[in-house]
Amino acid sequence: MTTRISLDPPRTLLFRAVSWYSKRTYGKVVDPVRAYAHHTGVLWSLVRLELAAGRWKKLDPQLGALAVMTSAATVGCSWCLDFGYWENHRHGMDPRKLRDVPVWRESEAYTPLERDVMEYAEGMSVTPPEVGDELAERLRTVLGEEAFVELTTMVALENMRSRTNSALGLTSQGFKDRCDLERPARL
């Protein structure tokens with residue numbers, strides 16, 4: 001698949017600043033930045049949203065990572081999975097857990113709480129959403145209300161990212177190639 005929008009946007013001041021940050025942080029300008037930069041208002045809004053979301057700290061980061069990656073796998077965003085593997089690998093997450101996200105139901109790598117988080121993320125990411133009251137209550141009770149709201153919002157944010165990136169035709173950018181993970185069987 002080719003991208004549905006040019007990855008050579010106008011070189012506005014905002015695009016140059018975000019490109020500098022992206023290169024410094026990730027080693028290259030990420031394709032979503034290149035795509036979103038065609039609309040300065042969208043890029044600026046998303047930069048602010050991502051910076052704000054990065055300050056949320058009520059949910060265990062590994063649970064959040066599993067939720068985000070499960071959402072990306074459910075929606076089918078290869079760019080998001082590629083970046084997620086790399087980002088979470090460099091933060092020390094168990095490679096088996098990362099590798100098995102697309103086949104999490106068959107994997108023995110996850111704890112019962114991680115499985116609940118992944119089931120919740122998957123349920124939120126299908127259309128229409130399929131989140132059961134019992135699962136939501138179990139997570140709210142175990143995580144607490146603040147972390148439960150954070151989890152829910154992180155999955156919703158990843159749905160926005162994954163659906164936007166997929167609709168724009170963004171695909172893997174080679175991040176995962178920079179870590180020692182094998183490609184999952186069902187991607």
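Karplus-based coupling profile of the stretch 117-125, in residue order and whole Hz: 4, 5, 5, 5, 4, 5, x, 6, 9, with θ = phi - 60° in 6.51 cos²θ - 1.76 cosθ + 1.60 and x standing for Gly or Pro.
The calculated FRET efficiency for the pair Asp177 and Val47, based on their C-beta separation and a Förster distance of 25 Å, comes to about 0.45.
For n ≥ 4 DSSP H runs only, could you compute -39500 (n - 2.57) per run for the chain, divide by its residues and tell me the 222 nm figure to the nearest 500?
-19500 deg cm²/dmol
In order along the stretch 84-96, the Karplus-derived 3J(HN,Hα) couplings, from 6.51 cos²θ - 1.76 cosθ + 1.60 at θ = phi - 60°, round to x, 4, 5, 4, 6, 5, 6, 9, x, 6, 3, x, 5 Hz, and Gly and Pro are given as x. Each principal axis of the Cα cloud of the stretch 25-127 was taken in turn, and the coordinate range along them, longest first, works out to 44, 32, 27 Å.
Taking the Cα centre of the chain as reference, the dipole from Cβ charges on Lys and Arg (+1) and Asp and Glu (-1) amounts to some 1120 debye.
Based on protein heavy atoms only, the chain ends up with 53 Å² per residue of surface accessible to a 1.4 Å probe. The alpha carbon convex hull volume per residue for the stretch 86-187 rounds to 120 Å³.
Here the label points at Thr2 and Thr141, each 7 Å from Cα along the C-beta direction, are separated by 5.5 nm in the simple model.
Could you tell me which of rounded, prolate or oblate describes the stretch 8-56, using a ≥ b ≥ c as the square roots of the eigenvalues of the alpha-carbon gyration tensor, with rounded for a/c under 1.5 and, failing that, prolate when a/b is larger than b/c and oblate otherwise? Before the final figure, lay out each step's value.
Details: a/c = 2.01, a/b = 1.22, b/c = 1.64.
Oblate.
Taken one residue at a time, the phi angles of the stretch 31-45 give Karplus couplings (6.51, -1.76, 1.60, θ = phi - 60°) of 4, x, 4, 4, 6, 5, 5, 5, 9, 4, x, 5, 4, 4, 4 Hz. Gly and Pro are set to x.
The values are calculated or read from the model by the stated rules, or taken from the named source; none is laboratory data. No experiment lies behind these values; they were computed from the predicted model shown. Every residue, glycine as well, gets a Cβ built from its backbone with ideal geometry; the counts of neighbours run over all protein chains shown. For accessibility, only protein heavy atoms count, side chains too; no ligands or nucleic acids. Shrake-Rupley method; radii C 1.70, N 1.55, O 1.52, S 1.80 Å.
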